[in-house]
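One structure is given here, and the rest of the page talks about it.
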Amino acid sequence: MCSDYRFWIVAMITLAVSCTPYRKVQKIRSGEVGVELSVSDEKPCEDAAELDEAEISLIKGSLSDGPVIMNAIRDTETGDMVATDVISASKVTARFRNVAERAGLVTISFDITVPAGLADSRWQLKIRPFLEIMDEVTDLEPIYITGSDYRAAQLRGYQRYRIFLSSIIRDTTDFIRMGQLEIFIERHFPDTYRMKNDSSVIPEPLAGNLFGVTQTDALLHYTRKLMLRHNERRKGREGKMFAKYVKDPIVTDGIRLDTVITGMDGDFIYRYSQTFRSRPALKKVRVSLEGSLYEMGECIMCLPFPQDLTFYISSLSSLTDNRPKYRMIVKERVVHDNTRALIDFSQGSAAIDTCLGDNASELRRIRRCFDDVASMDGLVADSIVIVASCSPEGSYVSNRKLSEDRAEAVLKHVSDFVPDEWKDILSSSGLPENWEQLMRLVENDTVIAPESRKRILDLCSDLHDPDDAESKMSRMHEYRYLRERLYPKLRSVRFDFYLHRAGMAKDTVHTAELDTLYLRGVQALRDLDYKTAVGILRPYDDYNAALAFVSADYNHSALDVLGRLGDSEPKVCYLKALVLSRLGQEVEAMKYLELSIAYDAHMEHRANLDPEMSILVKKRQTNNK
């Protein structure tokens, strides 16, 4: 009778224990218990400061190190497990929050609360957050909350798998009956046996005995083939046995938190923080959750989804001044342009040789230049002058004749491809010796000694007798350098284009033209490409340049530009307040915030949307009470 009584007591206890997880599941299915998603409280609870030193243990790659807690802490008074960056917060019911974009980045924070009713030592809870940005959904790193019994079962699976691996023989010599093989080799391969301790390798053709038996044949004969085949089958089952023993592998990469909990009397709260790059026209992002409950490696149910959170993005790019900027352009009626070609001529010759030097490419370039001038809209050619020049070698009189002949030769060559209406405005002229160009080359030359450079320049500037100046230079040590390096550059042909603007009566006209470069800088500012915006807008030194500096977090540069803009614009004062607040000058920041709101009452609403400025607004409201 007593034994029957004990049996029923044990049966009732067993039934009660087995019903406990069932009751929890029913509560979860009914929605009575579920994961909560809430906006993070900005002020930490006082109890958070009373936590003693955290007990932290990271999951290691080795399976022998049993993971206990990863990025989590234990409250020494209650025993609750919470994440390292958790701040115990009061219940927050708000489903949205304003966050600021800073230097192109946005950081959002939210709390994931797991009630005690979801804790069981045999369960693992997998929570997967999702971030929706402009209709694009991104998976965030998941959070795992693992019961101690569940983790112990995982580790037991790894232990059983290790035992299986240890049964696989890795050393193939274990399958050979070495003693019998050695006796055989000693009898039939005495030369090989004497080299037992030698590392040399005997070629297979030399390893045969009188009976035609090779060492390879002997090795196969004394191998335990059955054991070898059995071992190979074990190797082929490694993946299958891993799946059999390890139902749910321990994940160490790509997760935000994996916490093993031995007991949870209160709620588990994890402060999740995520930083991402903002995008143009991004106004808001949504955060949602999915959760699954696992037991013995199997998913037993999907958790009800909590309501989404919405974060409204406040970007300084919305303060951009979109008004276009114009620049004043002065247009002259008469337009002059020129280009120079280095056309080589044989010594003393005026004939154009396309095979000499770079003449072919230079002549093609000149033809493209004529085509470009002819295609210019609104410009009419008045005259085109071709001027050929020579170096100081030879007499001045002969160089004059040579330069004129060369200019005439180039004119005839050009006449073959210019428009018919241009043939009458073509003219040629000769520059016997190009002394001005020689002076510029000598002044910029770094090889000629300073004393010699001064003497050459003096000779070039006093040209009462060019032939005498050339004769004096020819007696200098640097003359060979002049002839070989500088003189060839003097043998050139210059093309002077004289044009005028059609229909323009006045000599000059002042007109405003849209500054497209400035527009690109403003667009970069709107596109949150602050580095490009700063590079383009910096020289303009205006409001948008200051806004680019503020957006890129170059606060001192921004304050320098804002200081030159005065205090008469509400947005300028607002930016000053923002920068001064960042630099810790709160009194000055409050002064400019007051001034901004005084100019435009809407700026107070704008400041409330900006988390960087909302603190100043709250202090202002408190002071005005």
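A few notes on this one:
- All of (1) within 45 Å of the chain's Cα centre (by Cα); (2) at pLDDT below 85; (3) farther than 30 Å from Leu575 by Cα; (4) open to solvent by 60 Å² or more (accessible area, probe 1.4 Å) hold for Arg327 with one exception: (3).
- Per the listing Ser581, Ser551, Ser557, Ser596, the residue uniquely more than 22 Å from Asn322 (Cα to Cα) and not acidic (Asp, Glu) is Ser581.
- For first residues located in segment 535-559 and at positive phi, partners that are at pLDDT below 95 and lie 6+ apart or on another chain with Cβ distances below 6 Å form the pairs Asp541/Val561; Asp553/Ala103.
- Qualifying residues in segment 292-317 (those that are open to solvent by less than 40 Å² (accessible area, probe 1.4 Å), farther than 30 Å from Ala533 by Cβ and assigned to a strand (DSSP E or B)) - the one modelled with the lowest pLDDT: Met301
- Residue count for segment 583-605 under the criterion of being over 12 Å from Val617 (Cβ atoms) and either open to solvent by less than 50 Å² (accessible area, probe 1.4 Å) or touching a strand residue (DSSP E or B) at 6+ places or on another chain (Cβ under 9 Å) (or both): the result is 1.
- For segment 239-262, the tally of residues that are closer than 19 Å to Ile127 by Cα and either small (Gly, Ala, Ser) or part of a strand (DSSP E or B) (or both) stands at 6.
- All of Ala381, Ala360, Ala407 fail the test of being in contact with a helix residue (DSSP H, G or I) (Cβ under 8 Å, 6 or more places away or on another chain) and either at pLDDT below 85 or not in a loop (DSSP other than H, G, I, E, B) (or both), apart from Ala381.
- So Gly266, is it in contact with an Asp or Glu (Cβ under 6 Å, 6 or more places away or on another chain), at pLDDT below 80, within 24 Å of Ser121 (Cα to Cα) and open to solvent by less than 30 Å² (accessible area, probe 1.4 Å): yes
- Complete set of residues in segment 404-421 that are open to solvent by 60 Å² or more (accessible area, probe 1.4 Å) and farther than 18 Å from Asp353 by Cβ: Glu404, Asp420, Glu421
- In segment 357-395, the residues that are buried (at least 16 other Cβ atoms within 10 Å of the Cβ), among the acidic types (Asp, Glu) and under 19 Å from His413 (Cα atoms): Glu362
- So Ser398, is it farther than 30 Å from Ser278 by Cα, polar (S, T, N, Q), open to solvent by 40 Å² or more (accessible area, probe 1.4 Å) and at pLDDT 90 or above: yes
- Elements of type strands (runs of 3 or more DSSP E) in segment 108-149, at least 3 residues being of a type in the set (A, V, I, L, M, F, W, C) and surrounded by 20 or more Cβ atoms within 10 Å (Cβ to Cβ): 123-133
- The condition of being open to solvent by 40 Å² or more (accessible area, probe 1.4 Å) and assigned to a loop (DSSP other than H, G, I, E, B) does not hold for Asp424.
- Residues in segment 376-416 that are of a type in the set (D, E, K, R) and in contact (Cβ under 8 Å) with a residue 40 or more places away in the chain: Asp382, Glu393, Asp405, Arg406, Glu408.
- The one condition in (1) out of contact with any helix residue (DSSP H, G or I) (no Cβ under 8 Å at 6 or more places or on another chain); (2) closer than 30 Å to Ser318 by Cβ that Pro280 fails to fulfil: (1)
- Exactly one residue out of Asp567, Asp553, Asp560 is part of a helix (DSSP H, G or I) and not polar (S, T, N, Q): that is Asp560.
- Matching residues, segment 438-466, being of a type in the set (Asp, Glu) and either surrounded by 15 or more Cβ atoms within 10 Å (Cβ to Cβ) or in a loop (DSSP other than H, G, I, E, B) (or both): Asp445, Asp462, Asp465
- Scanning segment 94-107 for residues that are part of a strand (DSSP E or B), out of contact with any Pro (no Cβ under 8 Å at 6 or more places or on another chain) and open to solvent by 20 Å² or more (accessible area, probe 1.4 Å) yields a total of 5.
- Members of segment 521-550 found to be in a helix (DSSP H, G or I) and open to solvent by 20 Å² or more (accessible area, probe 1.4 Å), listed by number: Gln523, Arg526, Lys531, Thr532, Gly535, Ile536, Arg538, Pro539, Tyr540, Tyr543
The values are calculated or read from the model by the stated rules, or taken from the named source; none is laboratory data. On a predicted model such as this, the values are computed, not experimentally measured, just so you know. Note that we place each Cβ from the backbone using ideal geometry, even for glycine, and neighbour counts take in every protein chain shown. In case anyone asks, the SASA skips ligands and DNA or RNA and just uses the protein heavy atoms, side chains included. Shrake-Rupley method; radii C 1.70, N 1.55, O 1.52, S 1.80 Å.
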